[in-house]
Each structure stands twice: as C-alpha cells, then as structure tokens.
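The values are calculated or read from the model by the stated rules, or taken from the named source; none is laboratory data. Source: prediction; values computed, not measured. Cβ: placed from backbone, ideal geometry, glycine included. Neighbour counts: every protein chain shown. The area values use the complete protein model at the heavy-atom level, side chains included, leaving out ligands, DNA and RNA. Shrake-Rupley method; radii C 1.70, N 1.55, O 1.52, S 1.80 Å.
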Amino acid sequence: MRNLAIRNLVIGTGIPVLLLVAWWFLSANSADPFFPPLETILLRFQELWLFDHFQSDVLLSLGNLFLGFAIAAVAGVALGFATALVPPVRWMIDPLIHFLRGIPPVALVPIFISLIGFGTQMRVTSIALAAFFPTMIATVDGIRSVSNDLMDVARVYRLSRKERVLNVLLPAAMPQIFSGLQVSLQVAFIVMIASEMLGSSQGIGAMTLLAQQSFMAADMWAGILLLGVIGFLVNILFGLLRGKVLSWYIGSRRLARAA
Amino acid sequence: MKVSIHPYALSAVGIAGALVIWQILSAANLAGNALPAATTVFATLASILGTGAFWSSLGATLGVALLALAVAAVAGVALGLLVGSFEPVRYATAAVLEFLKPVPPIVILPLAVLVLGPTAEMSFFLVVFGCLLPIVMQTVDGVQGADPVARDTARSYGMGEGEILARVVLPSAMPYIGTAMRVAAPAALVVTVVAGLLGGGPGLGQNIYQAQAAGDYASLYALVIVLGVLGLLFQAATRLAERRVLHWHESYREVVH
Amino acid sequence: MSIRQAPALTTHNRKSTMAQQPETRVSATTPRLHVAHLAKTYGSGGKARTVIEDLTFTVDAGEVVCIVGPSGVGKTTLLKCLAGLQPASSGTAAIDGRTISGPPPEMALVFQDYNRSLMPWLTVRKNLVLPLRHLKLPAAELKERCDSALAAVGLSHADNQYPWQLSGGMQQRVAIARALAYRPEILIMDEPFASVDAQTRFDLEDLCLKIRKDFNMTILVVTHDIDEAVYLADRVVVLGSRPARVLRVVEVDLPAPRDQITTRSLPEFARQRTDVLSLIKRPA
Amino acid sequence: MRRTIPLAVAAALSMALAGCGGGSGPAATPAADGTTTLKVGTIGIGSDAGIRLAADKGYFKEQGLNVEISVIANPPAGIAAAQSGQIDLTYTPSIPLLNALSQNVPLKIVAAADGYKDGAGESSDLKRVDDTGLLVQKASTITRPKDLEGKSVSVPARKAQLEVTVSKLVKDDGGDPAKVNWMVLDPSSALQSLNSGRVDAASLVAPFTSKGVSEGNQLLASPGVEFFEQGAIGLWVAGSGTVKSKEKALLAFKTAIYKANAYANGHTDEAQQLSAEITKTPLDVVKAGAVNYWPEEVRMEDIERANNNLADLGFLSAPVKLPADVIFGK
C-alpha cells in the first residue's frame, strides 16, 4: 500500500518534470521559427511580463477580467433572484435570455466595438455581459430547486422576506450559483482575451496576437504561457473560494457518497 | 386555463418590447450608424439567407464543429477509459490535465494560426483541443464512479477485463459522458466561430469579422442573430440526444453538478 | 448598543411557558385549536380533487392529540392548513377563536423529513438561532434558549456540528430543539418519527411527552403508527379516507406518567389500540 | 483484450492528429488537363484588381494555371498559411514580410502586387498616388505629424505598415513616435471613431481614405509614399517549400501577373471598376482616391530601403540580412 503511494507520487510528479525537461532539451537548438527553444521562451517571458509590461498590460488585463466578472456575478445573482421570485418577469425575459445565451459570447465583441468603441469600457462591458448569463441562469435554476420544505420552515417560523432571501434562498441556491460562476469565470477569461485581440493594442491578448502577427514566436509562446498560467491560477483561486463558501455542501456530498 | 395563457402572452410581450426598444434606440441615432434598425437587420437577414455564400459558410461552420466534436468524443472517451482504468496512467497525466483543463482554446489560437494558417484545419484543431479535455475528465470521473460491487459481480461471473470495461464500466460512465457532451456540443460551435472571427478560419466567424471590418453593421447583427438561433438549436439537440441515449438512467440528472 | 430590555419578548411569548405545572389536563371552556368543517380541494372544474371534506375536531390547551389515518389520507394537507401554509377551501381552523390565515406566531412545526427541513449550511446552533433572529432577543436570552432546548433533546455536545454530520434521530432532535427554542404554545409534528429506527423512535416519543410536561405545550402529532398514537395521546382523532373525514375521536385513558414498557404492556393499551385499528381497517 | 484499449486510443489519437496536421499541401503534379492549381490568398483590397484581371483575361490559363483566390484576414495570417503550405501564394506588404524574414520564416518573393511608380515620391499631389492616408478632423489642432505626440492614432494592426509609415512621418518631423498612443482598429471603426472624436487621427487605406475625406475629414499626410518613395510594396510571396515543389508554376504565375499588371496600368478605368466591385465601394469614391499602380518587377533596393527604414525607426533591432535569392527567379 505504502509502496503504491510512493510509486504514484513518483509518477505524478516525475512525468510532468520529465516532459518539461524533454521540451527543454528537444527544443534547445531548434531553428524552427515557430518552435523556439524553451530557454528563449522563458527568457522572453521574464523580459516581457515580469517587468516591462507588467503594469501596462498584465495588470490591465487582470483588472478588466475581475471588474467584468464581478459585475457579471453581482448582476447575474441579483437578476436571477428577481427572475426566479417574480414569475411575470421570468415569463417576460426567459425567451430573450435563452436566445442571448445561445450567441457565442465572443461574437458579441464586434458589436460592442461598434457601439462603445475600443477602450476599457468596451472590454469590461463585453466581459460582464458575456459572463452574466451563466450565473443568472444557474441562479434561477438554483432558486427554483430549493426544496419546498425549507421554504415551509421559513414561513412557519415567520422569517421576514429579507431573511428568507438572504438566509434561506441564497445559501440553498449557492451550490448552483457557484457552478454558474465557474462557467462565467471561464467565459470572462475567454472574452477578456478576445476583446483584446479584436479591438485593442493593450493587454496580454493583444500583445500575444501582435507577437504572432509579427512572427515573434518566442514572444507569442511567452504570451500563451502567461495566459495559460493565469487561467490555471484563476481557476485554483476560484476553487479555494468555493471550498470556503461551500464547505458545508462539499462535506455533505462527500459524506453522502461515502455512505 | 387563464393562468397557462399568461406566460406565453408575457413572453411575446417581452420579445416585442425588446424589438421596439431596439427600433427606437436605432432611430434615436445614439450610436451613429453602428446600431442599425431592427427592421433593416431582419431585411438584411432575409437577403443573406438567400445567398449561396451564406449557406456554404454555415456548412463550413457546422462541418468543422461536428466533425471535430465527433473526433473529440471518440478520442476523449477512449483516453478517459485509458486514464480512468489504470492508476499509473492517471497519476502520470493528472498534473498535465489539471493544468490544461482551465486553459481555453483561444489561448493557443495564435500558435494554431501561426502553424496552420487561417484554415479549416486550424479551426478543427482548436475545437478538438477545446472539447477533448472536458470529455476526458468526465469519462475518468465516470470510470471512477462505476460501482465496485457491479465490477466484482461481473468478475465473479467470469467476465474478462475488456468485457467488464465494455459491459459495466462504459455504461455506468455514460451519464458522465452525456453531461460532457451536452457541454461540449455548444462549445464546439462557439470555438469554431472564435477560430473564424479571430483566426480567420472559414465559416460564419470569418463573415462576422469581415462584416465588422467593412462597417456592414446590418450584416453583423444579422449574422449574430443566426448564431443565436444556431446556439439554441445546438443546445436543444444535445439535450434531446442525451435524453434519448440515457433514458434508461433515471438519475442522470443527479450527476450534472 | 441600543436599549435591550426584557419587554423585547414579542407578543406571542406572552406566557412564561417555562413554569413547571402539574401534569393535569386543563379543560378550558374554549379549546385552543378549533377546526370546524375544514375542507380542501385542489384544482377546479373537471380536474378538482377534494382531499379533505368537512373535518371538525378540537385540541385543548396542554393536551396531546394524535391524528391517525391510512397513508395518503391528506394528513399533511391538514397540517399545512393548520400551520397557515395553505388556505382552506371552506370551513375554518382557529386558535383561541382567531381564524388562521397565515403562520400563527404561537405555533411551531416539526416536519416529517428532518434532512430537508434543517438548513444544511448552518451548524446545529445556528439552525436554532435562525427563527429567533427577528425577535431581536438579548444575546444572553438567545443563548439560554438554545442551550436549554439543546439540553432538552440531549444534544448539548453537538451544537457546532452540521446537521448532515448527525444521525437521522439526532437530526430530528435538532428539528425538535429548533421548535423548543422558538418557545411555541402549540407544537405540531408531521410524522416526526417515521424515518428513524425503532429504538430512537421510543426515545423521541418519550422526549415528546417530556416536553409536554416540562413546557406545558399543546401538541398535535400526525402519525400513521397506531401504537405511537395511543401511547402519546390524550385523544386520538381517527381519520377515514378519501376525502379525509373524522371517523371518531377516541379518548385515551392511560395513567400518567407513561412508560414504554409498563404502559405498552397494559391491557388497556391493547384495547385502545384495537379500537383504533378496527376503525381504520373497517371498509369505508 | 487488455491490449485493445491502448490500441483503440492510439487509433483515435492518430485520427485526430491526421485531421489536425493534414498540411502536406496540394500535390505539385499537374491535373489531367495539364493545368496546375495554385491557391492564392488576398486581403480583398482595391489593388487585387491586378490578380483579378489575370484571372478574368485568361492570363493564368494561358500559362497552364488554375488559380483559386481566397480572402484571408490579414497579411500575417496569409504568411502563416503560405509558409505552412496551406496556400501557395499570399499577398503581403513588404513590412510584414520583413518581420517574418527577421524571424527566419522561410519565404520567397515571387512577384510584385502593388506599389508606387518610380518618382512617385516627388509627385506634386501625393494623395493621387498613395492609397494610404493619415486623416484628422476638419477643425483639428493637429496640423503636422509632430503634433501626433500624446494623441491617439488608429492603425489597422500594430507594427504593421501604417504604424511604421506614420512613425516615420512623426520622426522626420522631429517628433517621437513612442509618444503616440496607437489604437488598433479595423478601418470602418477607425473612421467612425475619428468622426465621433474617439481617436485624434486615423491612418487608413483605400477606399476608406477617400471615404473619410468625403465625410468631411482632412488628409494630413500620405504616409505610404513618403516612406517607400517608389517600387513594389505589396508582394506575392510563397513559402520556400512551395518554391521548391512548384517552381514552374510559380514562374508561370509571375509571367501572368506581370502581364495583368501592365494591362491594369494601361487601363485605369477598367481596373478601378474592378476595385469598386472587390471592395464593394461606389465607383466615384474609388475614382476620388489614389490611382493604384501595379509594378512589373521587384527590385532589391526597394526592399532594402524599407528594411533600413524599419531598423532606423527601431522596429527591427538591425536590418534583416536578406538572402540573395529572396526574390524568386532573380
């Protein structure tokens, strides 16, 4: 048993390290213009992102991402509640919402460019609007699947409307809201990159596309690496937040599965 | 009876209201010529629908999306079975899969365009990249979630490993794979459009880029409407397919989260 | 901090229900709970389905009344009407002569499915606190209410655990503790012990009797278990199906204090039990 | 049975990879009717009239060629497609080409696509010869390129032709191009943004240059011709792999395209008619703009001049060492 655990640990860490080492050495003398040596890529990574463009591009991109996502999250949950709790509102906007979420979010970027221009507002608006739908739809689903028993409890114990919304519906719908938020975060990340690639000369996406268009393969790889790392880290951070907010849910599900 | 009419009436009111607001906003000329009137857009849509170029773009988009989805499904399930069935393989791939999972295909789009050019192959590659990992991960979860009792039962009846895989593990992983496909199918469409829009791959995405670059806003809106309808159809179709394939599995909704 | 004084106790907690009172049935002139010609019909026109048709019974102050009937008879519908969760189609249910039109302040309800009526994201103690928040009690009283309620159900040690970490019986005790901390005058329980094992069930039944004794509550229990009804109740309301109507109200004359072993072995217990059973078994 | 699983996986994977990487390129062997097919990418601008004429007039057919024209999003994408063999030839201005050559992307110049007549730089009316233009609003405080410092200027792509050429204008006027706030905008958004004041200046190509002027903006400078002076700017470029496998066909392409270029230079009306069709622009707007010129040769000195300018402006750390055979067939 113990041997197996050690073997798994060795394999689990060894293979990725081996892959990186293989990349390093196999690419070391690469003359292929599109697959430069890993060493060059890392060097450019350091030169580009850690100093030169950190503030002007990296922070800018991340700021847009989080601002857009935050707007989407708050608006999505709020409108989700309004929609779920007031049926006429739901009937009125349901078909529109479903139509709008059918549109690939990136396809909205050209429209926003034509309407609001190319500045930070456009990027944040695009991110916020595209990321809004998954959260909103998940919130509506979450609220509508809250058990009637819980709502009966809340009424019998005469909880106020505010208490019912904040202390019963919101936490009960939280697992589904978080699933929606996770999708929203992915969408926000994609639209962040797309909005920079389509209508901007600033940001990580714009820098990466520019590197590709001027055939600076090492710079492009550095951009891809940075975007990959950001995608990974943002996901990890979100996972930590989810673990904290939904510890009761994760715990109860683990228990249910073990049973 | 009165109650059941209400929702539809209100839905109609909602759609009509949105169209009216659109028309008024465009008439008010708030955004210059960038917001064409709803009537103009629908007229443009009608004329676009009558051109052969539109249908061949649509065909290119659907062809790339569906072919790539099929390849990603077959390869993803196969890889998922492999990774899920053998512990060493699972540990060997865990780090790479976990790193790549949250990386959307748009990140590697510049590389794909650089190497493959603005081609259908580039779009195809990106869609496979985008759809493969979720399918692999869900299949692995499904294999892991297969009831050990069912496995032991099968083994006690003298089934071989391969037979167990095909008769026990794969069917019990089906709900997970179904979930993955329901997510992957609309994603395939989205990635195809992104590859066209940002990478110049053939299809509706490229048409949108050209409409924007040429300042042909009526076509731009018309194409986005087409994409919205297409997205709805994709979602509906995958839901229907999932229900058909998984009708035997009462609890398939349970694994959605 | 703002002024926090004892009068913050709201109207529905007028009586000090903590006072120890002798275990005698106080037969008041007007019953606490009066159900008169209550009927409930779902839907309308051709699809109409009458679940309850003309129910009449009363519950006196400090009394334990059990409602038994075959399953699917509409017991849960009745409780929802009593708790003000659903309006009656006709007839009335009234507390102290006031018609119930919404959840009455002096009433608490213990639900059948403990795992669906506790908030899984709150610890045991916070589950108890949630219904009390809007009473704006002083912190000390809030704590005292929770402590004594948890002590009454024997869960003082579990107050920081989540409901899903507890066994089924313990979860139902949390639900009861939540009702106790609310200090209702009338406690209604909907098949409260249906989904726990036999031993736990005996414990919870005795807990129910203890509550009545200690807190002088008026308790209405819906159950499909006839033994349980006879063991707990001062009176058993036997319902016939469908639509539900009262077949008979059986007075249970078993000596107090009741005890799982001695009471259940009394010939009187067996006779009462047979009476009720024969009522239900009789073809309608 | 255990072994079939990895086998199935391998099969599925190789299928996927075959689908992705299938870039072996079209075969060089002529089709049954003796014609060779060439896939050519263009970016859909007015000067595409040259290649369109070659096709319409049957010059390609004369040379035994079947040319398939497709529109690509931008020159870098075309270069990527050409070097990977997805297409045989692509249109690109010399600047993206030099960028690519500086990164050792193996490319060869096959023929000239568009450019400026010899002596065009000394022309009295630059806007008649240059299809690029730097536009500002009519009442703008910007009166000379140096004023662009600290202002926002739109370009269709970063580090590409218009940014480079406008940078030279600013530098030659004593300003610092690094102080210009460059914005990437497609031409129609750029024009719209200029009209609404979201950008202070827009650098545009035909037909947007004349469209912008007709909407009441003023032309500040003609950056293209001031940078390149004369010679071929737009080039037909192939990957070196294609040059090896399809040498004959490319020679034939070169012959046909130069015949068409000569015809276009001699028949301005006909060429402008085609330009209007290609760019979906009213003919009068096309006619109001610059008259395109289609060079009939590519000279090393013209390419080197752009090369040195790029290095002077800091877009390249040093001029690209151009291989002697970078121009195909010389």
Rounded to the nearest 10 degrees, the helix C:267-281 long axis (Cα) sits at an angle to the longest Cα principal axis of chain C of 70 degrees
Between C:Ser156 and C:His134, with labels modelled 7 Å along Cα→Cβ, what's the label distance in nm to one decimal, could you check? 3.2 nm
Rounded to a whole number, the mean other protein chain Cβ count within 10 angstrom for residues of B:94-106 is 6
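With a 1.4 Å probe and all protein chains left in place, how much accessible area per residue does segment A:124-259 have, in Å²?
Numbers: 4840 Å² over 136 residues.
Spelled out: the 1.4 Å probe surface of segment A:124-259, per residue, equals 36 Å².
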Once the Cβ-Cβ distance between B:Leu66 and D:Asn104 is put in as r, and R0 is 41 Å, what FRET efficiency do you end up with, to the nearest 0.05? 0.60
Taking springs between alpha-carbon atoms closer than 10 angstrom, which of A:Thr208, A:Thr135, A:Thr13 fluctuates most in the Gaussian network model of chain A? A:Thr13
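I'd like to check one number: the per residue accessible area of segment D:61-141, probe 1.4 Å, reported in Å² as a whole number.
Numbers: 2870 Å² over 81 residues.
Per-residue value: 35 Å².
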Nearest-0.05 FRET efficiency for C:Asp259 and C:Ala198 at R0 = 22 Å, using Cβ-Cβ distance, is 0.85
Just the number, please: buried accessible area between C and A, total of both chains, 1.4 angstrom probe, nearest 100 square angstrom. 2200 Å²
Explain nothing, just compute: Karplus ³J(HN,Hα) = 6.51 cos²θ - 1.76 cosθ + 1.60, θ = phi - 60°, for every residue of segment C:200-208 in order, whole Hz, x for Gly and Pro. 4, 4, 4, 4, 5, 4, 5, 4, 4
If one takes the accessible area of chain D alone plus chain A alone and subtracts that of the pair, with a 1.4 Å probe, what total in Å², rounded to the nearest 100, results? 1700 Å²
Please report how far the C-alpha centroid of segment A:118-196 lies from that of segment D:286-301, rounded to the nearest whole angstrom. 58 Å
Approximate spin-label separation A:Leu115-D:Glu247, in nm, with each point projected 7 Å along Cα-to-Cβ: 5.8 nm
Under 10 Å, Cα contacts only: if you run a Gaussian network model on chain C, which one of C:Glu63, C:Glu144, C:Glu205 comes out with the highest mean-square fluctuation? C:Glu144
Which of the residues in segment B:188-211 lose at least 50 Å² of accessible area when you go from the chain alone to all protein chains together (probe 1.4 Å)? B:Leu197, B:Leu198, B:Tyr209
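Counting only protein heavy atoms and using a 1.4 Å probe, what share of the accessible area of chain C belongs to carbon plus sulfur, as a whole percent? Could you put the intermediate results ahead of the total?
Numbers: 6740 of 12630 Å².
Result for chain C: 53 percent of the exposed heavy-atom area is carbon or sulfur.
Accessible area of segment A:6-143 with a 1.4 Å probe: how many percent of it is carbon plus sulfur? Walk me through the intermediate numbers first.
Numbers: 4770 of 6280 Å².
Carbon-and-sulfur percentage of accessible area, whole number: 76.
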Hey, rough spin-label estimate for B:Ala166 and A:Ala256, points 7 angstrom out along Cα→Cβ, what's it come to in nanometres? 3.5 nm
Tell me, which residues of segment D:138-182 get at least 40 Å² less accessible area when the other protein chains come in, versus the chain alone (1.4 Å probe)? D:Arg158, D:Lys159
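Express the carbon and sulfur contribution to the solvent-accessible surface of segment D:176-330 as a percent, rounded to the nearest whole number, probe 1.4 angstrom. Intermediate values should be presented prior to the final figure.
Numbers: 3340 of 6350 Å².
The value for segment D:176-330 is 53 percent carbon and sulfur by accessible area.
Specify whether the C-alpha gyration tensor of segment A:173-259 places it in the rounded, prolate or oblate class, a ≥ b ≥ c being the square roots of the eigenvalues: rounded for a/c under 1.5, otherwise prolate if a/b is larger than b/c and oblate if not. Working shown, then result.
Details: a/c = 4.55, a/b = 2.74, b/c = 1.66.
Since a/c reaches 1.5 and a/b is larger than b/c, the shape of segment A:173-259 is classed as prolate.
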Label-zone membership for segment C:176-199, site C:Ser167, 7 angstrom Cα→C-beta point, backbone N under 12 Å: C:196-199
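With every protein chain present, what is the per residue accessible area of segment C:142-284 (1.4 Å probe, Å²)?
Details: 5630 Å² over 143 residues.
Using a 1.4 Å probe on heavy atoms only, each residue of segment C:142-284 averages 39 Å².
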Ignore the peptide's own chain and count Cβ atoms of other chains within 10 Å of each Cβ in B:174-182; give me the average, rounded. 0
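May I ask for the Rg/Rh ratio of segment B:1-136, computed from Cα atoms with Rh as the Kirkwood radius, given to two decimals?
Details: Rg = 23.0 Å, Rh = 19.6 Å.
That ratio equals 1.18.
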For chain B, modelled as a Gaussian network with Cα springs under 10 Å, which listed residue fluctuates most, B:Gly14, B:Gly84, B:Gly50? B:Gly14
Between helix C:139-152 and chain C: long-axis angle, C-alpha atoms, 0 to 90°, nearest 10: 50 degrees
Given a 1.4 Å probe and the protein chains all in place, what does the accessible area of D:Glu301 round to, in Å² to the nearest 10? 110 Å²
Taking r as the C-beta separation of B:Leu97 and D:Ala311 and R0 as 51 Å, the FRET efficiency to the nearest 0.05 is 0.65
Can you give the calculated 222 nm mean residue ellipticity of the protein assembly as shown, where each DSSP H run of n ≥ 4 adds -39,500 (n - 2.57) and the sum is split over every residue, rounded to the nearest 500 deg cm²/dmol? -18500 deg cm²/dmol
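Taking every DSSP beta bridge that has both residues in the protein assembly as shown, what percent is antiparallel when rounded to the nearest 5?
Working: 41 of 76 bridges.
Percent antiparallel among DSSP bridges in the protein assembly as shown is about 55.
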Where in chain D are the helices, taken as whole DSSP H runs, whose Cα atoms extend 24 angstrom or more along the long axis and whose Kyte-Doolittle mean reaches at least -1.0? D:4-21, D:247-266
List the residue ranges in chain B for DSSP H helices whose C-alpha atoms run 20 angstrom or more along the long axis and whose Kyte-Doolittle average is 0.0 or above. B:2-28, B:52-85, B:120-145, B:170-199, B:217-245
Would you please state which residues of segment C:80-106 a label at C:His37 would reach in this model, taking the label point 7 Å out along Cα→Cβ and a backbone N cut-off of under 14 Å? C:89-93
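Where in chain A are the DSSP H helices whose C-alpha atoms run 27 Å or more along the long axis and whose mean Kyte hydropathy is at least 0.5?
On the way: long enough: A:2-26 (35 Å, 1.38); A:60-85 (37 Å, 1.93); A:120-144 (36 Å, 0.83); A:170-199 (40 Å, 1.31); A:217-245 (42 Å, 1.63).
What comes out of the filter, once short or polar helices are dropped, is A:2-26, A:60-85, A:120-144, A:170-199, A:217-245.
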Residue separation times 0.36 nm, minus the C-alpha to C-alpha distance between B:Leu49 and B:Asn29: what's the value? 4.5 nm
Classified through the alpha carbon gyration tensor (a ≥ b ≥ c as square roots of its eigenvalues; rounded if a/c is under 1.5, else prolate when a/b is larger than b/c, else oblate), chain A comes out oblate
Short version: what are the Cα gyration tensor semi-axes of chain B, square root of 5 times each eigenvalue, largest first, in whole Å? 42, 25, 14
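In square nanometres, what is one fourth of the surface area of the convex hull spanned by the alpha carbons of the protein assembly as shown? Write down the numbers at each step before the final one.
Working: hull surface 225.9 nm².
Across all orientations, the protein assembly as shown yields a mean hull projection of 56.5 nm².
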For chain D, radius of gyration divided by Kirkwood radius, i.e. Rg to Rh on alpha-carbons: 1.03
For segment D:61-91 versus segment C:100-115, the gap between their alpha-carbon centres in whole angstrom: 76 Å
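Which sequence of A:Ile97, D:Ile43, C:Ile261 reflects their accessible areas, 1.4 Å probe, from the largest down? Walk me through the intermediate numbers first.
Details: A:Ile97 15, D:Ile43 45, C:Ile261 130 Å².
Largest accessible area first, the residues go C:Ile261, D:Ile43, A:Ile97.
Mind grabbing the interface size between A and B? I mean buried accessible area, both sides, 1.4 Å probe, in Å² to the nearest hundred. Mind showing how you got there, number by number?
Numbers: alone 15620 and 14510 Å², together 25620 Å².
Using a 1.4 Å probe, the pair buries roughly 4500 Å².
Specify whether the C-alpha gyration tensor of chain C places it in the rounded, prolate or oblate class, a ≥ b ≥ c being the square roots of the eigenvalues: rounded for a/c under 1.5, otherwise prolate if a/b is larger than b/c and oblate if not.
On the way: a/c = 1.57, a/b = 1.32, b/c = 1.19.
Prolate, because a/c is 1.5 or more and a/b exceeds b/c.
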Ordered by number, the residues of segment C:82-107 that have at least 40 Å² less accessible area in the complete protein assembly than on their own chain alone (1.4 Å probe) are C:Leu85, C:Pro103
Just read off the accessible area of B:Arg167 with the full protein assembly in place, 1.4 Å probe, to the nearest 10 Å². 150 Å²
